[in-house]
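Note sheet for the following structure.
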Amino acid sequence: MSSQTQPPIEKKTIRLEINHRAVTCPEGATILRAAELNGIYIPSLCSHKDLSPFGGCRLCMVEVEGMRGYPLACSTPAAEGQKVLTETAALRDMRREIMELILSEHPSSCLLCSEKEECSGVLQTIRKSGVTTGCRYCPNDGQCELQALVEKLGITDIHYPIYYRGYEAEHDDPFFDRDYNICILCGRCVRMCQEVRGTAVLAFTSRGPKTQIGPAFGRSHIEAGCEFCGACLDVCPTGALADKTSKWDGPPDGSAVSTCPFCALGCQVELFHKDGRLSKARAHLDPEINDGQLCVRGRFCMPETTHHHQRARKPMIKHGAYFREVSWPEALDAVAARLKNVRPGEFLMAVSPDLTNEGLYAARKFVTESLGSPGLDSTARWALPGGADVWSRLLSLPISIKGLASAEAVLAVGLDSRFSFSVAGVEIRRALKEGAKLVTIDSRESNLARYTDHWLRPRPGGEGETLLALAEKMAGAPPESKGTREESASGLTTRDLDEAARVLGSGKSLAVLVGPAVFGRDKGGAAARALLMLAGRENTIFLPLYQGANTRGALELGILDQSAGGMRLEDVLEGRAKPKVIYLVGETPFLERPDCDYLIAQDIYLPPFEVDAFLPAASFAEAGGTLTNVEGRVQEIVQIECLPDGAIAGFVRPDWFIFSQLSSRVSQRGFVYESWRDVLRDISGHVQGFPAVPDRRPRRMTWKTDFRDVKASPESASGGDLVLLLEPGGFRHRGIDLSFVVEGLTELKLEEGFRLHPSDLAALGLEPGETLTLSWNGTEASAPVRADADLPPGAAAAWRPSAYGGLLHRRSLLPLFRQPDDVLSVRVASRKGKKSRKT
Amino acid sequence: MNFEEFEELKTHFSGEAADLIPVLQKIQGAQGYLSPESIRRVSRWLRISENEIYGVATFFAQFRFQKPGRHVIKVCLGTACHVRGGEQILDVLKRRLNIEPGAVTADGLYQLERVACLGCCALAPVVSIDGKIYGQTSVLKIQELLDGGLHHDQP
């Protein structure tokens, strides 16, 4: 214990001499790092501070007294009393020679053009239209490490014959283009993919002059299991890898650190802007959450989400048969006039769990105080199956993302971290690299299956039951019901569970991750009970995951408490309630207009049905605010775009601002906020434990109500032809599915209809893309099929979205989305082969 | 390589990443090449990604990724064979089998290879078919051999 209270032992420092200057560095550093720490520049292309030494480019060679030859600074450890020279005539000559050799295989028009000096001066023209003058060979022009180094070394000519590799540029995969003619084979991307991400999609293939970077057997990145995290792009010193959306933007104007608005992990991102608009996002080196890593959404989806041409940017009001653009005062007056006359019991507002804390709080204040109505609901409730009291208990557990990497054992339940919660996957693999053990519970072969030490594969939908059985075993508690419950319920034997418990060990620090699908499938609440049971274990951290970026914020701000007296979304969906006025804030829980007199939508895109009033909300890039992540950190979203109202920026307003404007129009009890910071201060005054300013410290939630045990009713889905698994998801952001605006996500085809095991597809005689109709309880739904070898045979899977914006093409699946269960036994009603397929 | 064979192979190794190259050699020894399926199996077993395994395997000339042909024809192009017309023999074979050296015919029957020296320069030009050496060959002799469907005596 005493060692914990003492400050950590400082690493020994060593003294050496670089360029006749006495310097110090921590023990274990390389000469390159020692030089960097002391502000001495040594040229290098292949080394990177996050990656292991490679010694590929040879540019960092130095002279060390007493050492033979020219050792590489990036792979030679600094030693006490070493005398290093980094700039001598011999070194300079050799570096130039090496650089020329590198350039002999690298297109060099951007480096060595004879017109280069004059070129930048004539790039601007006074023509009316925007034209490109000068050469644009490479997307990296002006922000290229290689280019900078050539300039630094003063190379103006290449004495070697130029060799052009003649590869075809690869544009087939989504999100980024690859041109391996420009690649200098520094291997940074390969090391990033293997060492840091742990995915190892990229590798050096072949050797000698034929060496190339890519996946096995010339597969596409999609096939090879790429997560499209973009980490390889961020370390590439050349333009070989380029972001499709911002490829030709040139160097950005500036950047700011913000929070990713797409999921509950709340990764820190660096947002770049160009000409006042968001141009791209990169991971921020934040040691608390993502440590320089992101997922496909955070890295690639932001600019398109806020800049898509279908973005709705002006207030619109329906006048008779016309739906036309109006000014803000006119829109607000029209909406307020309707809201003033509505009876509190006939109003329902649905707020999205992707709104900022400020937006959610202002919405609640508007509904309860200004309108005096109990009608407030949110799809956040769908994202938290089991209810608010269960989740406030779960969120009071020690939750940590950072702690994953240092766990000695990891238990991952129903989690596939390829495209969602990728950062958690990276942290798990980091732990595995340090020798941790991994047990996975998943009926499908997740992307973690390759790393797992023990894979418990229950019947589809049995993840929660299995977790409970395992938790009982680990806690030493007697099984709730005697006999072979776990065998019948989950299809696993006691021996499997014993083995899993043995792998996880008893005294080790444990991290338990539970994917969002598990809670939804688990009607009996077994998963939640299992987590609470494991909470008694020492050294255990948790990560229960859910959909929606700010679902926890919605829970804490009391959005979910309101529905006690008021209507719920389900009531409207099932026709049990008919509100006169519905106000959708960033929500599109319908595909067709619900039955009501007046429908208001406030979002960043128009919903897929007719509305009576549309109020354009500001996106994450256009308004500041805070989001509460799964750990309870209240993190700031930075306003990166501050363009004036007009043709480009439109007339968008932050959600909280719209509510505050409406509030003074509908009642005496209006509220006025000047900025989102005012709202946050207001929140901290009313919600216990909420900070008054953005605060990145994790907070454990306090729970008031006792956890009411939901009676287990393990319904076995059997008797049908297939077991259909509905997975919560899609890529929801506010009212839309991101695949609607982000082209690359469409290419990943994640939400495409039904997925079946290839053997089931073959048995049904279906080809991928053909239509399958499934029926249950007298209802049916049809969609195209796709092969998914990760699923167990006998199962079919489909996404169940909670926001329908842009999913009109999935109309035929609507009956399926509507029914309450996540695991269904279904029959094959009909299948359409090639002949009847539309061309 | 079927499941049992692969499970049998596993028993000879401790299952560490360092076993990769000997494992690949064993697999190639058993089935003649490294198929995507076998690489996938090794990936799951040794916990190395398929892409990394492919990267390692393509570094070495000894590994093949295509099913070998039933008959392997190696044409020597060492100095002596080159001088005595090895190139013409290779040309004829290329045209007749309609493949490039290193490839296998579509029916899987023939695989054509060019080699640097077979160590019997006195017999130049030399062609080796399924390990049997044919010395002092000519375009005609090779054609005759192929016409006969390679009913040569197995050594």
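The values are calculated or read from the model by the stated rules, or taken from the named source; none is laboratory data. Please read all numbers here as calculations on a predicted model, not as lab measurements. With ideal geometry, Cβ positions are generated from the backbone for all residues, glycine too; neighbour counts draw on all protein chains shown. Surface accessibility is based on the protein's heavy atoms, side chains included, excluding ligands, DNA and RNA. Shrake-Rupley method; radii C 1.70, N 1.55, O 1.52, S 1.80 Å.
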Practice problem: Quick one: in the range A:188-201, of everything that is at the interface with chain B (Cβ under 8 Å from one of its Cβ atoms) and of a type outside the set (A, V, I, L, M, F, W, C), which residue is least open to solvent (accessible area, probe 1.4 Å)? | Solution: A:THR199
Self-check item: Selection from the range A:207-220 of residues that are over 16 Å from A:GLY744 (Cβ atoms) and either more than 13 Å from chain B (Cβ to nearest Cβ) or not aliphatic (A, V, I, L, M) (or both)
Solution: A:ARG207, A:GLY208, A:PRO209, A:LYS210, A:THR211, A:GLN212, A:GLY214, A:PRO215, A:PHE217, A:GLY218, A:ARG219
Practice problem: Would you check if A:LYS402 is within 26 Å of A:PHE620 (Cα to Cα) and basic (Lys, Arg)? | Solution: yes
Exercise. Give A:GLU223, A:GLU288 a once-over and let me know the one that is outside any strand (DSSP E or B), closer than 29 Å to B:SER49 by Cα and within 14 Å of another protein chain (Cβ to nearest Cβ).
Key: A:GLU223
Quiz prompt | Single unsatisfied condition, A:ASP243 versus (1) away from chain B (no Cβ under 14 Å); (2) without any contact (Cβ under 8 Å) to a residue 24 or more places away in the chain; (3) open to solvent by 10 Å² or more (accessible area, probe 1.4 Å) | solution = (2)
Quiz item: Which is surrounded by 13 or more Cβ atoms within 10 Å (Cβ to Cβ), in a helix (DSSP H, G or I) and away from every other protein chain (no Cβ under 12 Å), of A:LEU149, A:LEU185?
Solution: A:LEU149
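I'm trying to understand the selection: among the residues of the range B:57-71, which are out of contact with any Gly (no Cβ under 8 Å at 6 or more places or on another chain) and in contact (Cβ under 8 Å) with a residue 40 or more places away in the chain?
Correct list: B:HIS71 only.
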Quiz item: Just checking, how many residues over the range A:375-419 are part of a loop (DSSP other than H, G, I, E, B), in contact with a strand residue (DSSP E or B) (Cβ under 7 Å, 6 or more places away or on another chain) and either within 23 Å of A:ILE441 (Cα to Cα) or of a type in the set (Lys, Arg) (or both)?
Solution: 7
Quiz item: Quick one: would you say A:PHE204 is in contact with a strand residue (DSSP E or B) (Cβ under 7 Å, 6 or more places away or on another chain) and either facing chain B (nearest Cβ under 10 Å) or of a type in the set (Asp, Glu) (or both)?
Solution: yes
Quiz prompt | Residues being basic (Lys, Arg), out of contact with any Ser or Thr (no Cβ under 7 Å at 6 or more places or on another chain) and in contact (Cβ under 8 Å) with a residue 12 or more places away in the chain - total across the range A:176-227 | solution = 3
Quiz item: Is it the case that some residue within the range A:170-179 is within 19 Å of the chain's Cα centre (by Cα), within 14 Å of chain B (Cβ to nearest Cβ) and not in a loop (DSSP other than H, G, I, E, B)?
Solution: no
Quiz item: If you take the residues of the range A:592-614 that are more than 21 Å from A:LYS340 (Cα to Cα) and touching a residue at least 60 places away in the same chain (Cβ under 8 Å), which of them is surrounded by the fewest Cβ atoms within 10 Å (Cβ to Cβ)?
Solution: A:GLU610
Quiz item: From the list A:GLY765, A:GLY805, A:GLY769, which one is of a type outside the set (Val, Ile, Thr), open to solvent by less than 10 Å² (accessible area, probe 1.4 Å) and at pLDDT below 90?
Solution: A:GLY805
